[in-house]
Amino acid sequence: MEQNEKEFFTLLDGHSRRQYDCFLAEMFLDDGKECYFLCFRPVGVRIDDPNRYACRHIKIDVAEMCSICSARELTADFNETLHRELMSLTASDEQ
């Protein structure tokens, strides 16, 4: 993993844990090296929980990832995407 990827992973994992009680489980670059695929899962799900496989997949362009790393903060658009997706993940986990 290169430095930008490490910083982005750390930023995103910390944000998702603090704000949504989720963690960034996976992050990988597509074959064309144009975007990253991210997989988030809820924190603290037990093995016998019916939602133990719950996750949300989000895609982000490499350029936006680099912009986030440079600014060391999430862009408004990406923050909105995270909010929409991860709120629905934790909401489905609570049912």
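Coordinate-derived values only; no laboratory data. Predicted model, so just to flag it, every value in this text is computed and none were measured. Heads up, the Cβs are rebuilt from the backbone with ideal geometry, glycines too, and the neighbour counts pull from every protein chain shown.
Angle of helix 76-94 to the longest C-alpha principal axis of the chain, folded into 0 to 90 degrees and rounded to 10: 20°. Taking other C-beta atoms within 10 angstrom as a stand-in for reagent exposure, 81, 10, 90 fall in the order 10, 81, 90, fewest first. To the nearest ten degrees, helix 3-20 and the longest principal axis of the Cα atoms of the chain are 30 degrees apart.
Could you compute Rg(Cα) / (2.2 N^0.38 Å) for the chain, with N its residue count? Spell out each step's value before the answer.
Numbers: Rg = 13.4 Å, N = 95, 2.2 N^0.38 = 12.4 Å.
Relative to the rule-of-thumb radius for its length, the chain sits at 1.08.
Remark: relative contact order (the range 3-94) = 27 percent; criterion is Cα-Cα distance under 8 angstrom and separation of 6 or more residues. For the range 10-95, the dipole from Cβ point charges (+1 on Lys and Arg, -1 on Asp and Glu) about the Cα centre works out to 220 debye, to the nearest 20.
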